[in-house]
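One structure is given here, and the rest of the page talks about it.
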Amino acid sequence: MAQATGGSAFYPQRLEDIANEFHRIEEELRSQYSLAYKPADFRADGSFRSIYLTAVRGGYVVHARTGYFAPSSRSYVDWAVGEPQSRCRAPLP
């Protein structure tokens, strides 16, 4: 699950390893970027869209999810005409 969502899993073996794992998490959080795009052929059909993200320069490790579900036409209309504040809140499953 962690790999599919662009995350990482940590498995400390000893109590002392927990501090090291938190340090790794802290370092990762300091070097995150958010990217957004809207494909030219955008369709609000609820289908899964695969994505692949890579760094142009060497020496970087990219952690990204493997894809996303496009909004359904109904949820996209609700989002597009809704209040701007409501767009910041993701609906709970």
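Any read-out appearing in this document is the output of simple, stated calculations on the displayed coordinates, not a laboratory observation. Everything quoted here is computed from the prediction, not taken from an experiment.
The phi torsions of segment 15-30, fed into the Karplus equation with coefficients 6.51, -1.76 and 1.60 and a -60° offset, translate into couplings of 4, 5, 6, 4, 4, 5, 5, 5, 5, 4, 4, 4, 5, 5, 5, 6 Hz, rounded to whole numbers, with Gly and Pro shown as x. Once backbone amide H atoms are built at 1.01 Å from N, Ser72 has Gly46 as its partners under 5 Å, excluding neighbours fewer than 5 places away on the same chain.
Subtracting the Cα-Cα distance from 0.36 nm times the residue separation, let me have the gained length for Val56 to Glu27 in nm, one decimal.
Details: separation 29, 0.36 × 29 = 10.44 nm, distance 2.15 nm.
Extra length from Val56 to Glu27 when fully extended: 8.3 nm.
Remark: segment 48-56, residue by residue, has Karplus-estimated 3J(HN,Hα) of 7, 10, 6, 10, 9, 10, 9, 8, 5 Hz, where x stands for each Gly or Pro and the curve is 6.51 cos²θ - 1.76 cosθ + 1.60 at θ = phi - 60°.
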